[in-house]
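Participant: This is the structure I want to talk about, given as structure tokens.
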Amino acid sequence: MGPGDDLIAIDRVFLHERTGSVALRSLAAAGRPVCDPARVFAVTDHIVDTLPGRTGTLVPGGDAFLSAIRAETRNAGIRLVDVHDPDQGIVHVISPEFGIVLPGVTLVCPDSHTCTQGAFGALAWGIGSTEAEHAMATGTLRMARPKTMRVTFAGALPPAVTAKDMTLTLLARHGAGGGKGYAVEFAGEAVLALDLDGRQTLCNMATEFSAMTGFIAPDDLVFGYLNSRRFAPTGAVWQRALATWRALRSDEGATFDREICIDAATIEPMVTWGTSPQSAVPIGGRVPDQRDSGLSGQGFGQALDYVGLSAGQSLAGLPINAAFIGSCTNSRLADLRRAAAIVRGRRVARGVRAVVVPGSMAVRRAAEAEGIDRIFANAGFEWRLSGCAMCFYAGGPGFPPGTRVISSTNRNFEGRQGPGVRTHIASPETVAASAIAGVIADPRMARKGVPA
């Protein structure tokens, strides 16, 4: 270990089919068993087909990944949530549904958005396949202690402003590298007022801030959600755990290496204009010039060339070809409810392809029980099975080159949703309003009953 490194215990390891089988196969080749298979979980989510009636994957070569994760988890005695499991879903969505993530646990996964689960008071972060091997073989990981940051959203959010808008505002004001080297605690009245789905959205994009993880102190909302989940403690053990979990908050007067405070009342619905999540402006704004973009001249020009925009151009009213609601960022029940409230009784604009992918099969069933699927279908949206789908392009189904997509995903990198696809990140409400209007549209107007 290097100077300043710590060896910490790892309570949970989660794997998915894109990287999990690689780690397990390498571990087996080295003759090292998984030290405690009961604390390791795996899921198929990244490349699974999301069309109704699916049998596996439509990604070229994807069947090899599915076969490998099935074989390696079986050999190691690890629980796999496979394609046809009724509780299948995106790893960061099903972990809390199962009660695998708990306050105070250390949870790692070879996926950068593992920090999503910090919304439950866990220390959760993304790792590489080699680190996953080490964690499974030893139950530990070596790491340097990160610096600490508190991001406070003070006051109350305006109507139609969401957790997605909060995190895009943070990125726009402080940059995609603003959290590098830090573990970030999100705090303040606006954070505590979020439902659990919103809190997960906020923590999910801590990785886009370059933070090691994002964390929200657990409260009764978290405890009530986790109570009686499949892998949560029960009886006297639950009561003892609860007493410990209530102490998982920063002490009054605690100091941090860095503090950021954002007035929640100043936040508006946000949308990105470039190829980084930090390249975001309020929906009524314009593409900035290079000086105000936070990018180098070369990076700024490359981003505008890719997205087909120019400095000074308005985003509201920009025609779109597609709308996507899904991903580990914004595919939970509350996300779908809010988007459906805007869509209800309306139709997707002519020429726009609109897709909804629930984050888990449990979310899908709950939405269908409320009739949300019918609202979307009647409006002209595709209603799909759960998975990462069009958030993560791996050579399978996607949008055609040149497509302009308004998307509830977390990344607008070049090619993230397909070669040449131009992605504008926004909240599910903004995606829904834009799908109906056929152009990037303000969800506040749609909520007022004004045509989007």
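Participant: Here are some conditions: (1) outside any helix (DSSP H, G or I); (2) more than 23 Å from D257 (Cβ to Cβ); (3) in contact with an Asp or Glu (Cβ under 9 Å, 6 or more places away or on another chain). R142 meets all but one. Which one does it not meet?
Facilitator: Of the numbered conditions (1) outside any helix (DSSP H, G or I); (2) more than 23 Å from D257 (Cβ to Cβ); (3) in contact with an Asp or Glu (Cβ under 9 Å, 6 or more places away or on another chain), the odd one out for R142 is (2).
Participant: If you don't mind, there's one more thing I want to ask. State whether the residues of segment 359-373 include one that is over 28 Å from S95 (Cβ atoms) and more than 19 Å from the chain's Cα centre (by Cα).
Facilitator: no
Participant: Further, regarding this structure: For E72, all conditions in the list (1) in contact (Cβ under 8 Å) with a residue 24 or more places away in the chain; (2) in a loop (DSSP other than H, G, I, E, B); (3) over 21 Å from the mean Cα position of the chain (by Cα) hold save one; what is the number of the exception?
Facilitator: (2)
A quick yes/no check of all residues on (1) within 21 Å of A163 (Cβ to Cβ); (2) open to solvent by 40 Å² or more (accessible area, probe 1.4 Å):
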position	(1), (2)
L385	no, no
P400	no, yes
E414	no, yes
H424	yes, no
A433	yes, no
A437	no, no
I440	yes, no
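Participant: Among (1) open to solvent by less than 60 Å² (accessible area, probe 1.4 Å); (2) modelled with pLDDT of 95 or more; (3) not aliphatic (A, V, I, L, M), there is one condition G2 misses while meeting the rest; what is its number?
Facilitator: (2)
Participant: A follow-up question, please. Could you grab me the full set of residues in segment 6-23 that are more than 24 Å from L102 (Cβ to Cβ) and either open to solvent by 40 Å² or more (accessible area, probe 1.4 Å) or modelled with pLDDT of 95 or more (or both)?
Facilitator: Of everything in segment 6-23, those that are more than 24 Å from L102 (Cβ to Cβ) and either open to solvent by 40 Å² or more (accessible area, probe 1.4 Å) or modelled with pLDDT of 95 or more (or both) turn out to be E17, R18, V22.
Participant: Oh, and also: Kindly indicate which of G371, G396 is at pLDDT below 95 and out of contact with any strand residue (DSSP E or B) (no Cβ under 6 Å at 6 or more places or on another chain).
Facilitator: When all the criteria are applied, what remains is G396.
Participant: Does D45 fit the bill of being buried (at least 23 other Cβ atoms within 10 Å of the Cβ) and assigned to a loop (DSSP other than H, G, I, E, B)?
Facilitator: Against the criterion (buried (at least 23 other Cβ atoms within 10 Å of the Cβ) and assigned to a loop (DSSP other than H, G, I, E, B)), D45 qualifies.
Participant: Then there is this: Is there any pair linking a residue in segment 210-223 that is open to solvent by 40 Å² or more (accessible area, probe 1.4 Å) to one that is acidic (D, E), with Cβ under 6 Å and at least six apart or on different chains, and which?
Facilitator: Sorted first by the residue in segment 210-223, then by its partner, the pairs are F215/E185.
Participant: Is it the case that some residue within segment 80-92 is of a type outside the set (S, T, Y), open to solvent by 30 Å² or more (accessible area, probe 1.4 Å), in contact with a Phe, Trp or Tyr (Cβ under 9 Å, 6 or more places away or on another chain) and touching a residue at least 60 places away in the same chain (Cβ under 8 Å)?
Facilitator: Looking for residues that are of a type outside the set (S, T, Y), open to solvent by 30 Å² or more (accessible area, probe 1.4 Å), in contact with a Phe, Trp or Tyr (Cβ under 9 Å, 6 or more places away or on another chain) and touching a residue at least 60 places away in the same chain (Cβ under 8 Å), one finds at least one in segment 80-92, hence yes.
Participant: Also: Among the residues of segment 241-262, is any at positive phi and either under 26 Å from the mean Cα position of the chain (by Cα) or surrounded by fewer than 16 Cβ atoms within 10 Å (Cβ to Cβ) (or both)?
Facilitator: The answer is yes, given that some residue of segment 241-262 is at positive phi and either under 26 Å from the mean Cα position of the chain (by Cα) or surrounded by fewer than 16 Cβ atoms within 10 Å (Cβ to Cβ) (or both).
Participant: Would you check if there is a residue in segment 193-203 being under 19 Å from F14 (Cβ atoms), open to solvent by 40 Å² or more (accessible area, probe 1.4 Å), in a loop (DSSP other than H, G, I, E, B) and at pLDDT 95 or above?
Facilitator: no
Participant: In segment 26-42, what residues are over 23 Å from S95 (Cβ atoms), open to solvent by 60 Å² or more (accessible area, probe 1.4 Å) and touching a residue at least 24 places away in the same chain (Cβ under 8 Å)?
Facilitator: A28, R32, P33
Participant: Suppose the filter is closer than 18 Å to A122 by Cα and not in a loop (DSSP other than H, G, I, E, B); does A243 pass it?
Facilitator: yes
Participant: Could you please tell me which pairs satisfy a Cβ distance under 6 Å, a separation of 6+ or placement on different chains, a first residue in segment 165-190 that is under 21 Å from A217 (Cα atoms) and at pLDDT 95 or above, and a second residue that is of a type in the set (F, W, Y) and open to solvent by 10 Å² or more (accessible area, probe 1.4 Å)?
Facilitator: E185/F215
Participant: Could you grab the pairs with beta carbons closer than 6 Å, sequence gap of 6+ or different chains, first residue in segment 389-412 and charged (D, E, K, R), second one part of a strand (DSSP E or B)?
Facilitator: Short answer, once both residue conditions are applied: R404/R422.
Participant: For segment 278-381, list the strands (runs of 3 or more DSSP E) that sit wholly inside it and hold at least 1 residues that are in contact (Cβ under 8 Å) with a residue 40 or more places away in the chain and either among the aromatic types (F, W, Y) or within 15 Å of A435 (Cβ to Cβ) (or both); which are they?
Facilitator: 322-325, 353-356
Participant: While we're here: Looking at L51, L123 in this structure, which one is open to solvent by 30 Å² or more (accessible area, probe 1.4 Å), of a type in the set (A, V, I, L, M) and either over 30 Å from F186 (Cβ atoms) or free of Cβ contacts under 8 Å to residues at least 12 places away in the same chain (or both)?
Facilitator: Just one listed residue meets the conditions, L51.
Participant: Give segment 321-352 a look and list any residue that's open to solvent by 10 Å² or more (accessible area, probe 1.4 Å) and more than 22 Å from the chain's Cα centre (by Cα), or say none.
Facilitator: If the condition is that a residue be open to solvent by 10 Å² or more (accessible area, probe 1.4 Å) and more than 22 Å from the chain's Cα centre (by Cα), then N321, R344, G345, R346, R347, V348, A349, R350, G351, V352 are the ones that fit.
The values are calculated or read from the model by the stated rules, or taken from the named source; none is laboratory data. Every value quoted in this text rests on a predicted model; they were computed, and no experiment measured them. Quick reminder, even Gly has a Cβ in these numbers, built from the backbone with ideal geometry, and neighbours come from all protein chains shown. These area figures cover heavy atoms from the full protein model, side chains too; ligands, DNA and RNA do not enter into them. Shrake-Rupley method; radii C 1.70, N 1.55, O 1.52, S 1.80 Å.
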